[in-house]
Every structure is written in C-alpha cells, then in structure tokens.
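K.L.:
Can you read through this structure? Questions will come right after.
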Amino acid sequence: MTVDITLTVLGCGSSSGSPVVGCDCATCVSRNPKNCRSRCSAYVQIGEQGWLIDTGTDFRWQALREQLPRIDGVLYTHPHADHLNGIDDLRAFCYRQKGAIAIYGNKHTIANIQQRFDYAFFPVGHHWNRPVLQAHVVETSDQYPVFHINQVPIWHFAVPHGRWTCSAFRIGNLAWFTDLNDISDEVVACLAGVDYLFLDCLMERAYTSHLCREQAFAFAERIAAKHTYFIHMTHALEYESLLAQCPPNAAPAYDGLQVRSRYCIPAAA
Ligand SMILES: [Zn+2]
Ligand SMILES: [Zn+2]
Ligand SMILES: [Zn+2]
C-alpha cells in the first residue's frame, strides 16, 4: 500500500519576511515573486489528512492563498513568534470542522504555547470565538518514528537553535529542518534516503542560532537527499544569485512550492 504525501511551502522567509518593511535592497525591490517570502511554515497532505508545520505570523493569508481545505493537526518546531503567532487563525478550521485540532511539540514548546494562548485549551463550546486545541507532547526519536499519521511514520528530532532545542520532523520521505544551528551525526544518519529535505539557510554570514549558507550547503551535500530546498532565508539571499551557487540537487525554496512523495507502507510482518 502507498500513501501520497504532498508538501506545500506556505512560507520560506525568516522572521522579518521579505520584502523587509522599509528596505530597498535587491531582494526587497525584486519583481521576481520567488523573492517574496512569508514567514516559515508548511502544509503537508498525508493521504486525505492535512497537517501544518507551524502557524507563522502570515498563516491567515497563506491559508487563503493555498485554499487549505482542512487541518487535522499542527506539528510545532518551536514557539518563536514567527512560527507560532498565527495560531488564532486555526479558529476558522475548528469552526469549519466543528472540532478541536491536535497540536504536537516538545515539552518546552507545548508548555510555552499553553501559557501564552491559555484560552485556546478549553473544551469545544457553542460560539467558536477562539481556537480549540488539544496539546500533545512528543517524545524525541531515537532512530525510530515516534508516531504515525495515516500509517506514515513521523520522526521527531531534537536540534539546537541557539539556547533552545527546536523540533525537526521527518514525515515518510520528506524532512523539514528549520531554525537550527547544527545537526548531529545520529540525526544525519536518520535522514538516509529522504526524497526532499527542507533545510534552514538564514544568510551568508554565520549566525549563532541558524545555519548560514556555507553550513547549509555542507549539510545538503552530506545528507544527500534527492532534492534539498533551502528555507528560512533572509533578504540577504536573493533567489537567482543563491540558485546559481547551490550544490547539485539543491535550490532555494519559494512560497507556494509543492513537492510530492509516495510512501510505501511495508506489509505487516
Ligand atoms: Zn524562525
Ligand atoms: Zn532588503
Ligand atoms: Zn526560531
């Protein structure tokens, strides 16, 4: 049996997005729509289910742009504002689906969300005047997937993001690795055979809590996914000039980019 997995890049920008308000650099004034990057997030269709990775600041208009049909759950990478603050707009999907939406993250992420958005964790009421969410803490993968969605295995990795530990996910043969400044050898080994890797690539200059261009290129070559797309890019990385420098089988992502992967469910032993 196979399950089709489609990932749509909702946003591939850094916390400021691009164009940056008030900036007139080459990226920010570019007419190439691929230089217009909203805050970093993805929508992953796994069979008939729809899952988000993060609810960034731009989530509402990303959902409108991609006409997202439904949301069964959200995988949170970490609670920085650019990955979380669109959370209120899950309300529209709770209302449409007449039910709660499951959210998943590490212990710190879930505690932070429950503290900042406590009003979203009440039982379903009559008015739908706020999102209704159910929180789940996910254990970290030690080589093995931690849970399944539609029989597709989900790996949850702990990656360093400055002083925080951020979550990265492998969903079948797709991997989303944003907001990190290193990937351990063990986690690199768990990415063997991925079709699509989406990888943090903040800017040219080294930065404490993200991969810079050179580091991102090096990990792309080491992990050697069939295709690597760079995400979480600032306006310092202009699309065409970054594309011209990319290693083989790698390219900058752009908002609206969609990839498909077919996951074969192994027959039961
Ligand atoms: Zn971020
Ligand atoms: Zn700029
Ligand atoms: Zn972050």
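The values are calculated or read from the model by the stated rules, or taken from the named source; none is laboratory data. Everything quoted here is computed from the prediction, not taken from an experiment. With ideal geometry, Cβ positions are generated from the backbone for all residues, glycine too; neighbour counts draw on all protein chains shown. When the accessible area is computed, the model is the full protein with side chains, heavy atoms only, and any ligands, DNA or RNA have been set aside. Shrake-Rupley method; radii C 1.70, N 1.55, O 1.52, S 1.80 Å.
K.L.:
Determine if region 44-61 includes at least one residue that is part of a loop (DSSP other than H, G, I, E, B) and farther than 23 Å from Arg116 by Cα.
P.N.:
Yes, there is a match, as at least one residue in region 44-61 is part of a loop (DSSP other than H, G, I, E, B) and farther than 23 Å from Arg116 by Cα.
K.L.:
Say whether the condition of being assigned to a strand (DSSP E or B) and within 30 Å of Met1 (Cα to Cα) is met by at least one residue in region 89-100.
P.N.:
no
K.L.:
How many residues are under 21 Å from Leu64 (Cβ atoms) and touching a residue at least 60 places away in the same chain (Cβ under 8 Å) when one looks only at region 76-86?
P.N.:
First pass over region 76-86, keeping only residues under 21 Å from Leu64 (Cβ atoms): 81-86.
Those still in the list that are touching a residue at least 60 places away in the same chain (Cβ under 8 Å) too: 81-83.
Total satisfying the criteria: 3.
K.L.:
If you don't mind, another one. What's the number of the condition Trp61 fails, among (1) in contact with a Gly (Cβ under 7 Å, 6 or more places away or on another chain); (2) surrounded by fewer than 24 Cβ atoms within 10 Å (Cβ to Cβ); (3) not aliphatic (A, V, I, L, M)?
P.N.:
Result: Trp61 fails condition (1) only.
K.L.:
Among the residues of region 128-136, is any within 16 Å of ligand 2 (Cβ to nearest atom) and outside any strand (DSSP E or B)?
P.N.:
no
K.L.:
Spot the failing condition for Val194; the list is (1) part of a loop (DSSP other than H, G, I, E, B); (2) open to solvent by 10 Å² or more (accessible area, probe 1.4 Å), and only one is missed.
P.N.:
Here Val194 meets the rest and fails (2).
K.L.:
Right, next: Of all residues being at positive phi and more than 16 Å from ligand 3 (Cβ to nearest atom) in region 140-183, which is most open to solvent (accessible area, probe 1.4 Å)? Just the residue, please.
P.N.:
Across region 140-183, the extreme among qualifying residues is Gln143.
K.L.:
Identify, please: which residue in region 69-109 is hydroxyl-bearing (Ser, Thr, Tyr) and open to solvent by 10 Å² or more (accessible area, probe 1.4 Å) and is, among those, nearest to ligand 3 (Cβ to nearest atom)?
P.N.:
So the residue we want is Tyr104.
K.L.:
Are there any pairs with C-beta distances below 9 angstrom linking a residue in region 187-199 that is under 17 Å from Cys166 (Cα atoms) to a residue that is at pLDDT below 95 and crowded, with 21+ Cβ neighbours inside 10 Å, with the two at least 6 apart or on different chains, and if so which?
P.N.:
That search, which allows pairs on different chains as well, returns Val187/Ser141; Cys190/Ser141.
K.L.:
In region 79-129, how many residues are acidic (Asp, Glu) and at pLDDT below 95? Explain how you work it out, then say what you get.
P.N.:
In the first step, residues of region 79-129 are kept if they are acidic (Asp, Glu); the result is 82, 88-89, 118.
Within this subset, residues satisfying the condition of being at pLDDT below 95 are none.
Of the residues in region 79-129, 0 are acidic (Asp, Glu) and at pLDDT below 95.
K.L.:
For Asp89, indicate whether it is without any contact (Cβ under 8 Å) to a residue 12 or more places away in the chain and either farther than 28 Å from Arg262 by Cβ or of a type outside the set (Asp, Glu) (or both).
P.N.:
Judged against the criteria, Asp89 is not a match.
K.L.:
Next question. How do the strands (runs of 3 or more DSSP E) wholly within region 207-269 filter down when requiring 2 or more residues that are more than 16 Å from ligand 2 (Cβ to nearest atom), polar (S, T, N, Q) and modelled with pLDDT of 95 or more: which remain?
P.N.:
Ranges flagged: 258-264.
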